[in-house]
Structures are given as C-alpha cells and as structure tokens.
Amino acid sequence: MTEQHNSARRRFLAAGGGLAAASLSLPGLAQAPHRAGPDRPLPPLIGRATDVLLPRGAKRRAVICGGGWGGVSAAHHLRQFAPELEVVMLERNPVFFSCPMSNKWLVDVVDTQFLTKDYLKVSEARGYRFIQTEILEIERDRKRVITSSGAIDYDYLILSPGIRYNYEAWFGNDRRAADATRARFPAAYIPSAEHFHLKQAIHDFKGGDLVMTLPPPPQRCPPSPYERACLIAALFKAKKLKARIIILDHKDGVRPIGPGFRAAFEELYKDIITYVPNAHVKEVDPFNKRIKTAAGDFDFDHAILMAPHQAGDLAWKAGVVGQAFQGGPDGWAAVDPLFLHAENDKDVYVIGDAVGYVSPQFSFYPKAGHVANRHARSVAWYIGEREAGREPSYRLPDNLCFMMVNNAPQEAISVKFEYRVNAMGIIEQTQTDFNERKPETVGEDFEWARGIYEDMFG
Ligand SMILES: Cc1cc2nc3c(=O)[nH]c(=O)nc-3n(C[C@H](O)[C@H](O)[C@H](O)COP(=O)(O)OP(=O)(O)OC[C@H]3O[C@@H](n4cnc5c(N)ncnc54)[C@H](O)[C@@H]3O)c2cc1C
C-alpha cells in the first residue's frame, strides 16, 4: 500500500469519525452510545436507528423513500428542476430490479442484466445520494424518516413505496398461511427474490395445472398477468408440455386490450390457457394446493397467487392512506389529484403505484412504471417551482404499455392513456387499445424501455 493511499485512508477515517460525532450532536434524536456491548464499540459508519443517518448541511433537503421506478426518476428530475436541493434516495435493495420487461425475462427473451441497474453508479453520476437501508418509520410531525441505520430529516418527502400484498384479505392475521403462500407460490409482482423463484418454477414445471389468481382492481399493471400467461403458455407450447394455465380473474372480463389478449388465448394457446372470469377468491390453501373461488374450486400443481394489492407499507407508516366511503382505510394514498401531495401534508408527495383515487371518471391512474416516471417528473418540477418561490401549475402524466403475447414469432399488443382536465376541473382519461398482434409493436416496446431507462439511469 502506498503512502499516498495510507494518507487518503487516514483522511477518510478522520472524516468518518467527524461525521459520527457531528451526527450525535443533532437535537431531538436519542443519543445512543455507539457500542455493540460494554467492551465492543461499533465502527463509526455502522448506524443504528437511533443515530443520525446524515447530518444537516447548508442545503435544504428532499428525501425520497423507495428507489423503484418512481424514486429513481424523482431523484434524477429533482437534480434538474431543483438543483439547489440536497437529494437523498433511501432504498432497501442493493440493485434496481425492473418489473417492466420481467415477463419477458421469465421466458428468457431478455437477460437479468437487462432488468438490473447499479444504484451507486447512477447516483454518483447524477449527483444525488443513494443510501441502502430499510425505512422503519416516517414521523411527519418532526419531518423525519427513521431507517435501520439512522434517522434523516427532510424539507420535502417523496414517497414511492410501490405496493404491498394484502394477504390479510385472504388469511386475516394467519401469518403462517401468508408466509407459505409468498414462499411457495409468489406472485412476483414485487421485485426481486420472488421473480427468481417463479422463473425457476416455470422452467422446472413438468406439466399439470398452473393456476394464476388476478386481484380485484386497482392492481399493479393490469395487463401484465395476461402477458405473463401468454408467454408462459408459449414456453410450455415450445416444450410440448401437457399443461394448462388457468387464469382466475376477479374481473368479469379481460381488460385492458381485451380483444387482443382474448384473440391470443384462442388463436395461439387454445389447449393451454383457460380463462375464468368472476373468480373472486374465497379461500386459499397453500399447504394442500387448493383454491376456492366464486367461479368454482381448483386444485393446482403450481400457482401464481396474487393477493389484492394496496399501497406499500411506507404509505401506511407515513399515515397518508385514505378512508373508504364505507369506512376503514381504502388502501391507497390520499393525494391532491393534480399536485400529488398528501391530502394532509403539502410537503409530502406520493408518486407511482401508491397513489390513490384521483378522478370520478377513472378512479385511479394505471399502476405503471411509465406513470410513476411521469409522476416523478411532475413532482420534481413542483418542488423546483416552490423552491424558486413560484406557484406551480399542474402537469398530468400519460401512459404507454406494450404487452408481448407471442414468442414465435415475437408479437405484441399495446395500450395508450392520455389525460386532460375538463371544464369541471375533473381529470379525464382517454384509453386507446391496439389489439392487433404485430412484430413491430415488440420493437416499440424495446424502444420504450430504452428511452425510459435512459431517462432514469442515463
Ligand atoms: C410483471 C410486471 C410487468 C410490468 N410491466 C410494466 C410495463 O410494461 N410498463 C409499465 O409502465 N409498468 C409495468 N409494470 C408496473 C411497474 O412495475 C410499476 O408500476 C412500477 O414499478 C411502480 O413504481 P413505484 O416506484 O411506485 O414502485 P416500485 O418500482 O415497486 O418501487 C418501490 C421501491 O420502494 C422500496 N421500498 C419499499 N418499502 C421500503 C422500505 N421500507 N425501505 C426501503 N425501501 C423500500 C422497494 O424496495 C422498491 O424498490 C409491471 C409490473 C409487473 C409486476
């Protein structure tokens, strides 16, 4: 090791010590001794929930909770629209793993590298701070986020926590059944361990009945379960497996892009895909591989069991989940429909899938990565305007979604959503389905992915 290296290392350690010392002097936080036990002090850069994660500097600060599609997009756009702010993104996972394009990854159309991105690299390049940590609590009264490695204060908070599975709707407080369902028959709708489990399961599948449950709306990416069914069916067809895929849909029909998907089921996978509408789940038994629905009972050899979706845990911890008309929580963040700040807190913005009811015409924005990216851009712009002392005007998202339904030859269908505010001040949605299967649409899908990745990761 060179002397230059040693002195750089000494400076680094000294800075680390200074940081820990500074952090413990912040007001309002419990000042826990930095020790593992009486004789075993912790190194200064190992934080506890009671430490300060990042001391305050001179700049005002935006903290982003969740580094998925919304969070990463928000971090980038904040650096553009509010360059004077310190931007910190908190995320539990070490690498970004994309749900969009993951159905194609399940059947080897794209590889793992296509779905994963390096948080450290992008945050360094784009000038924000990424901290890998588990967010434990959000104390809005003190404008503070508590993580497993320390607490961090904010001026603006952006919540992009994605979804959680509402297993309580199926199992009440039976954690054993919920854990068994997630471990054995994961939905693979939250990145990323579940995805690897599912991929292995479908590649190992030897034939028989594969059941998929589809949750009631609103749900993450409504067309994607049908895309998944088609691509798994294409795999089984190529392997000449004697297998059925039974789609148990809570809804009364396939949508969006219903005619396009139904044509694929009937024309390409007639002997493989069975579509069952109105299959409201009544009972799930992950131990005996049995499911009871309003449309009949089903035994299965393997299953993709998707419990109803709700806003991710962090929306609940932040106390921003709305109330249902009939009482009780409605499961999604209550936001100002145009400006996306929490109904009860103007300094807390919610973006992406966690966003709740926004319009009497269409209720919820599609829970799509594209929308999360657009929300992020709008919210970053609102914050930039506020920081510049201006009153922001609203910016609405759009949405585009491409769904691959055939792998040989590769063909896809798609759907587009546009938004406007009408004379009554209500957000209106226009949906256009493109039902015809086309190889060109696959090309558009990859173009879309490249473009949006470029925006998020450079
Ligand atoms: C199979 C599939 C296909 C899809 N296809 C498309 C598509 O083609 N096009 C499209 O636009 N969308 C698609 N989507 C939808 C898209 O994935 C979501 O809409 C998008 O990820 C929403 O972004 P988000 O930021 O709200 O949530 P997420 O991307 O899920 O990000 C939430 C982040 O918060 C983190 N987090 C949560 N809690 C904590 C905590 N306590 N501490 C630290 N970190 C935490 C999570 O780890 C996660 O990284 C698809 C989804 C699936 C499942």
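The values are calculated or read from the model by the stated rules, or taken from the named source; none is laboratory data. Remember, it's a predicted structure, so these values are computed and weren't measured experimentally. Quick reminder, even Gly has a Cβ in these numbers, built from the backbone with ideal geometry, and neighbours come from all protein chains shown. With ligands, DNA and RNA removed, areas are computed over all heavy atoms of the protein, side chains included. Shrake-Rupley method; radii C 1.70, N 1.55, O 1.52, S 1.80 Å.
Element breakdown for the chain at a 1.4 angstrom probe: carbon and sulfur atoms account for 51% of the accessible area.
Note on D336/E454: beta-carbon distance plugged into 1/(1 + (r/R0)^6) with R0 of 25 Å gives a FRET efficiency of 0.25.
Stretch L45-A388 to full length: gain in nm at 0.36 nm per residue minus the Cα-Cα span? Present the calculation step by step, with values, prior to reporting the outcome.
On the way: separation 343, 0.36 × 343 = 123.48 nm, distance 3.51 nm.
Roughly 120.0 nm would be gained on extension.
At 0.36 nm per residue, and after removing the present C-alpha to C-alpha distance, how many nm does the segment from Q80 to A408 gain when stretched out fully?
Numbers: separation 328, 0.36 × 328 = 118.08 nm, distance 4.23 nm.
Extending this stretch completely gives an extra 113.8 nm.
Take the chain with all the other protein chains still there, run a 1.4 Å probe, and you get 45 Å² of accessible area per residue.
Across the alpha-carbon atoms of the range 223-280, the computed radius of gyration and Dmax are 10.9, 32 angstrom.
Would you please name the trypsin sites (Lys or Arg not before Pro) within the range 226-275 that are DSSP coil residues with at most 15 other C-beta atoms within 10 Å of their C-beta? Numbers along the way, then the final one.
On the way: sites: R228, K237, K239, K240, K242, R244, K251, R262, K270; in loops: K240, K242, K251, K270.
When the trypsin sites (Lys or Arg not before Pro) of the range 226-275 are filtered for loop state and at most 15 Cβ neighbours within 10 Å, K240, K242, K270 remain.
Using the average count of surrounding beta-carbon atoms within 10 Å as a protection proxy, the listed peptides 372-378, 418-424, 271-277 rank, highest first, as 372-378, 271-277, 418-424. Taken along the Cα-to-beta-carbon direction at a fixed 7 Å, the label points for R175 and E124 span 3.9 nm.
Computed extension length for Q431-R395: 11.1 nm, one decimal, from 0.36 nm per residue of separation with the Cα-Cα distance subtracted. Report, in listed order, any pair from K416/K438; K143/K317; K121/K367 with a Cα-Cα distance greater than 23 Å. Violating the 23 Å Cα-Cα cut-off are K121/K367.
For the range 166-307, the Cβ-based charge dipole about the Cα centre amounts to some 320 debye (Lys, Arg positive; Asp, Glu negative; other atoms uncharged). When only alpha carbons are used to place a centre, the range 35-98 and the range 389-449 end up 32 Å from one another.
Specify whether the C-alpha gyration tensor of the range 286-336 places it in the rounded, prolate or oblate class, a ≥ b ≥ c being the square roots of the eigenvalues: rounded for a/c under 1.5, otherwise prolate if a/b is larger than b/c and oblate if not. Taking the square roots of the gyration eigenvalues as a ≥ b ≥ c, the range 286-336 is prolate. Each of H370, L157, P44 was scored by the projection of its Cα onto the charge dipole of the chain, and the greatest displacement toward the positive side belongs to P44; charges sit on the C-beta of Lys, Arg, Asp and Glu. If R0 is 45 Å, the Cβ-Cβ spacing of K282 and R56 corresponds to a FRET efficiency of close to 0.30.
Which whole-number percentage describes the relative contact order of the range 166-307, with Cα contacts under 8 Å and a sequence gap of 6 or more? Mind showing how you got there, number by number?
Numbers: 226 pairs, mean separation 46.0, N = 142.
Answer for the range 166-307 is 32 percent.
Relative contact order of the chain, taken over Cα pairs closer than 8 Å and 6 or more residues apart, is 15 percent.
To the nearest 20 debye, what is the magnitude of the charge dipole of the chain about its Cα centre, counting +1 on the Cβ of each Lys and Arg and -1 on the Cβ of each Asp and Glu? Here the size comes out at about 960 debye.
Taking every DSSP helix (H) stretch of at least 4 residues in the chain, weighting each as -39,500 (n - 2.57) and dividing the sum by the residue count yields a mean residue ellipticity at 222 nm of -10000 deg cm²/dmol. Note on E444/D141: beta-carbon distance plugged into 1/(1 + (r/R0)^6) with R0 of 45 Å gives a FRET efficiency of 0.45.
Given the convex hull over the Cα atoms of the chain, what projected area results after averaging over all orientations, in nm²? Please list the in-between numbers first.
Working: hull surface 103.4 nm².
The Cα convex hull of the chain, projected and averaged over all directions, gives 25.9 nm².
Rounded to the nearest 10 degrees, the inclination of helix 369-387 to the longest alpha-carbon principal axis of the chain is 30 degrees.
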